[in-house]
Amino acid sequence: MQRNILEYLEDSCRLFPDKVVFADDKAEVTYDRFVRQSRYVGAYLLEKVLNGKKGGPVAVFIDRSIQSLTGFFGAVYAGCFYVPVDRQMPAARIGLILDTLKPEVIVGQEKDRKILEELGREDKLLLEGKVFEDAGDLSLSGEQETLLADVRKSSLDTDPLYTIFTSGSTGVPKGVLVSHRSVIDLADSFAREFSLSDQCVFGNQAPFDFDVSVKDIYSTIKNGATMYVIPKVMFSFPAKLITYMNEKRINTIIWAVSALRIIENLNAFTGELPGYLRTAMFSGEVMHNKVLNYWRRYLPDVNYVNLYGPTEITCNCTFYKVDRSFADEEVLPIGTAFLNSGVFLLDGDRLVEERNVPGEICVRGSSLALGYYNNPEKTSESFCQNPLNQAYPERIYRTGDIGKVNEMGELVFLSRKDDQIKHMGHRIELGEVEAAANSLDFIDAAVCIYDKGEGKIVMFYQAGEACDKEVLKAMGKKLPKYMFPNRLCHFGKLPLNKNNKIDRTYLRENYISKPAI
């Protein structure tokens, strides 16, 4: 019985000790070396920082490096759970995350002291480089080995593994807490459904604080594979990206839809093609067939998979292996549920069993997250008792997504139930963008609406005069760039409905493009 995700790493290390497990633009590391590094960090944390206390959060300031991954696995060896924190985010948002976490320790670099100083925080900061200064061959003392062994002996598959923060409707980010059991379930499902093996060479595109990367990391160690962390700059120069993929012989990608869209938008396949690519999976937002058909036209022998699922159910709960042709205007199905995931539609508390009748997509099973960290109110709102089961406690997650089952028995995504959107590969709650805008002194009021036809966040704001540049500059101190409005509309006075509320219906009907049907 598997209880801990580290068993994947250690099993693969026994089989492939000298094989590269992770590589970034500066270095690469073998399975053997990575296990020893991670164990050393875990022992260091337990002995010198945590005083033997396990189970709490360890925040890790991340970039696209092996060191970030060492921080993750070191925290897990210490019996804690890791929390990726992008140091490029505005300090105010980092502060909100740390306030929610109250972490035992932050793993980072010397430059991260400035962030903590700006926030007026005095958290323990464990410097990545400092851990290895006197590490020698990374060997552990007998006492350190005992510490790690005791942690593992007491571990459960329901222990938390990581927390990823998503947008929050009140302006406060929500930390989705995911257990070892859920990630074991995910990695096993991916290996089984997509025939993953030690021959896979993954090309990681997603940032480590975006749950798409979870599939890369754990599919790699589960299968004894290799993962290349593709430099972010490559996605600004697709020709270089494709050359890089060929140089590294990348044959498997699990990318956000927005990354595949970049290739299509820039018509990058008219030059070099990724000659080793065999499997391309995508998720994060709706994949339009115009983009997919471009890829299929140039790479017809690649296996394409449409993945669906929110962070709260450990990345994905359904998949669709693209097995037929689609016109550009058709909707791509999100397919069928993974084994051990229960996916069904509810209309209120009624089960929707009819074909082509919409309902809210709901999920039950081991994939469900433990909840939102330190946020019982939001947890109880989204993770609730299954209304179809009155006999015993059974949690489900209401996704807020509306779907239907088509004539072929395939699940199809239709829309969002509320104002939470998928944009540029990220899940965003428009309420958080509005909260940031409405906090600005020179804005009287602001609302955001997502233009599905254009794929843009449109912000309508009321102010004495148009001040688009000032708005964006000020919001840059509060939000990451992917949450910025793509279009600003100034009003001297925003329209109100009969209840004296800002008339979103009027704005939507008069300023938002109609999506193609």
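The values are calculated or read from the model by the stated rules, or taken from the named source; none is laboratory data. For clarity, every value in this text was computed on a predicted model and none was experimentally measured. Glycine also receives a Cβ, built like all others from the backbone with ideal geometry; neighbour counts cover every protein chain displayed. With ligands, DNA and RNA removed, areas are computed over all heavy atoms of the protein, side chains included. Shrake-Rupley method; radii C 1.70, N 1.55, O 1.52, S 1.80 Å.
Write down the radius of gyration of region 10-111 and its Dmax, each obtained from C-alpha positions, in Å.
14.3, 45
Take the alpha carbon atoms of region 223-302, find their center, do the same for region 387-448, and report the distance between the two centers in whole angstrom.
Distance between centres, Cα-based: 28 Å.
Taking the Cα centre of the chain as origin, sum charge times position over the Cβ atoms of Lys and Arg (+1) and Asp and Glu (-1), and report the length of that vector in debye to the nearest 20. Mind dumping the intermediate values first?
Numbers: 63 positive and 70 negative charges, 111 e Å.
Dipole about the Cα centre, nearest 20: 540 debye.
At 1.4 Å probe size, put Ser325, Ser367 in order of accessible surface, largest to smallest.
Of Ser325, Ser367, the descending order of accessible area is Ser325, Ser367.
Given 0.36 nm per residue, what is the gain on full extension from Cys489 to Lys452 after removing their alpha carbon distance, in nm? Show your work: numbers first, answer last.
On the way: separation 37, 0.36 × 37 = 13.32 nm, distance 1.67 nm.
Value of the extension gain: 11.7 nm.
Using a Debye calculation, one point per C-alpha and no hydration shell, please list log10 I(q)/I(0) for region 366-517 at q = 0.18 Å⁻¹ in order.
Here the Debye-derived log intensity ratios amount to -1.16.
Of Arg296, Arg113, which has the most accessible area and how do the rest follow, probe 1.4 Å? List each step's numbers first, then the result.
Numbers: Arg296 60, Arg113 95 Å².
Greatest to least solvent exposure: Arg113, Arg296.
Given the whole protein assembly as supplied and a 1.4 Å probe, what does the accessible area of Val60 come to in Å², nearest 10?
0
Add -39500 (n - 2.57) for each DSSP H run of 4 or more in the chain, then divide by its residues: what number comes out at 222 nm, to the nearest 500 deg cm²/dmol?
Value at 222 nm, helices only, nearest 500: -9000 deg cm²/dmol.
Which three lengths, in whole Å and largest first, does region 22-172 cover when its Cα atoms are put on their principal axes?
Principal extents (largest minus smallest coordinate, Cα): 47, 35, 26 Å.
Which of rounded, prolate, oblate describes region 416-479, given a ≥ b ≥ c as roots of the alpha-carbon gyration tensor eigenvalues and a/c under 1.5 marking rounded, otherwise prolate only if a/b is larger than b/c?
Because a/c hits 1.5 or more and a/b exceeds b/c, region 416-479 counts as prolate.
For Gln385, put the label point 7 Å out on the Cα→Cβ axis and report which residues of region 342-362 keep their amide N under 16 Å from it.
349-350
Mind running the shape call on region 102-218? Use the C-alpha gyration tensor, a ≥ b ≥ c as the square roots of the eigenvalues: rounded below 1.5 for a/c, prolate if a/b tops b/c, oblate otherwise.
oblate
Looking at the P(r) of region 100-156, how many percent of alpha-carbon pairs lie beyond 14 Å?
69
If you filter region 120-197 for GluC sites (Glu not before Pro), then keep DSSP loop positions with at most 14 other Cβ within 10 Å, what is left? Before the final figure, lay out each step's value.
Numbers: sites: Glu122, Glu128, Glu133, Glu143, Glu145, Glu193; in loops: Glu122, Glu133.
Filter output for region 120-197: Glu122, Glu133.
Count the DSSP beta bridges whose two residues both fall in the chain, then state the antiparallel fraction as a percent rounded to the nearest 5. Provide the component values of the computation, followed by the final result.
Values: 50 of 84 bridges.
Of those bridges, close to 60 percent are antiparallel.
If you wrap a convex hull around the C-alpha atoms of region 34-87 and split its volume per residue, what is the figure in Å³? Mind dumping the intermediate values first?
Details: hull volume 3.1 nm³, N = 54.
Hull volume over Cα atoms, normalised by residue count, gives 58 Å³.
Taking the Cα atoms of region 181-291, report the difference between the largest and smallest coordinate on each principal axis, in whole Å and largest first.
On the principal axes, region 181-291 reaches 41, 29, 24 Å in Cα extent.
Hey, how many Å between the Cα centroid of region 306-345 and the Cα centroid of region 98-113?
Measuring centre to centre over Cα atoms gives 36 Å.
How many nm separate the modelled label positions at Asp444 and Glu10, each set 7 Å beyond the Cα in the direction of the Cβ?
Using points 7 Å along Cα→Cβ, the separation is 6.5 nm.
Over the heavy atoms of Val291, what accessible area does a 1.4 Å probe trace out, to the nearest 10 Å²?
It works out to around 10 Å².
Pop a pseudo-label 7 angstrom from the Cα along the beta-carbon direction at both Val286 and Leu127 and give the gap in nm to one decimal.
Between Val286 and Leu127, the label points sit 5.0 nm apart.
For the chain, build the charge dipole from Cβ charges (+1 Lys, Arg; -1 Asp, Glu) around the Cα centre, then report which of Pro17, Gly120, Phe132 sits farthest towards its positive end.
Gly120
Evaluate Rg over Rh across region 178-228, taking Cα atoms for both radii and Kirkwood's formula for Rh.
Numbers: Rg = 10.4 Å, Rh = 11.0 Å.
My calculation of the ratio gives 0.94.
Among the aspartates and glutamates, which fall within straight-line cross-link reach of Lys240, defined as a Cα-Cα distance under 12 Å, with same-chain neighbours fewer than 8 residues apart omitted?
Cα-Cα hits under 12 Å: Glu272.
Within region 206-222, which residues have the backbone N less than 19 Å from the label spot 7 Å out from Ser197 along Cα→beta-carbon, could you tell me?
219-222
List the residues whose amide H sits under 5 Å from the amide H of Lys456, counting only those 5 or more places along or on another chain, with H placed 1.01 Å from N in the peptide plane.
Asp451
Once both labels are modelled 7 Å past Cα along the beta-carbon direction, what's the Glu465-Thr505 spacing in nm?
Going from the Glu465 label point to the Thr505 one covers 3.6 nm.
Rounded to the nearest angstrom and ordered from largest down, what semi-axes does the equivalent ellipsoid of region 214-362 get from its C-alpha gyration tensor (root of 5λ)?
In descending order, the three semi-axes are 30, 19, 13 Å.
Probe of 1.4 angstrom, ligands and nucleic acids ignored: what's the accessible area per residue over region 205-280, in square angstrom?
34
Grab the beta carbon distance between Ala239 and Asp25, set R0 = 22 Å, and tell me the FRET efficiency rounded to 0.05.
Efficiency, rounded to the nearest 0.05: 0.80.
Once you order the gyration tensor axes a ≥ b ≥ c over the Cα atoms, which shape class does region 379-444 get: rounded for a/c under 1.5, otherwise prolate or oblate by comparing a/b with b/c?
Judged from the Cα gyration tensor, region 379-444 comes out oblate (a/c at least 1.5, b/c at or above a/b).
Taking a virtual spin label 7 Å from the Cα of Lys477 along the C-beta vector, which residues in region 412-443 bring their backbone nitrogen under 18 Å of it?
Within reach of a label on Lys477: 433-443.
Over the alpha carbons of region 64-129, what is the largest minus smallest coordinate on each principal axis, giving the biggest first in Å?
30, 22, 17
In region 295-372, which GluC sites (Glu not before Pro) fall in coil by DSSP and have 14 or fewer other Cβ atoms within 10 Å? Intermediate results must be reported in sequence, preceding the final value.
Working: sites: Glu312, Glu329, Glu330, Glu353, Glu354, Glu360; in loops: Glu329, Glu330, Glu353, Glu354.
Listed in order of number, the matching sites are Glu329, Glu330, Glu353, Glu354.
Which sequence of Lys232, Lys124, Lys19, Lys501 reflects their accessible areas, 1.4 Å probe, from the largest down?
Numbers: Lys232 160, Lys124 105, Lys19 50, Lys501 130 Å².
Ranked from most to least accessible, the order is Lys232, Lys501, Lys124, Lys19.
Express the Stokes-Einstein translational diffusion coefficient of region 302-460 in µm² s⁻¹, to the nearest whole number, given a Kirkwood radius over alpha-carbon pairs, 10 °C and a viscosity of 1.306 mPa s.
So the translational diffusion coefficient is about 91 µm²/s.
Among DSSP bridges having both ends in region 354-504, what percentage is antiparallel? Round to the nearest 5.
Here the antiparallel bridges make up roughly 85 percent for region 354-504.
Going down the list Lys111/Lys222; Lys48/Lys481; Lys48/Lys102; Lys26/Lys102; Lys102/Lys477, which pairs span over 26 Å between their C-alpha atoms?
Going by Cα-Cα distance, Lys111/Lys222; Lys48/Lys481; Lys26/Lys102 fall outside the 26 Å limit.
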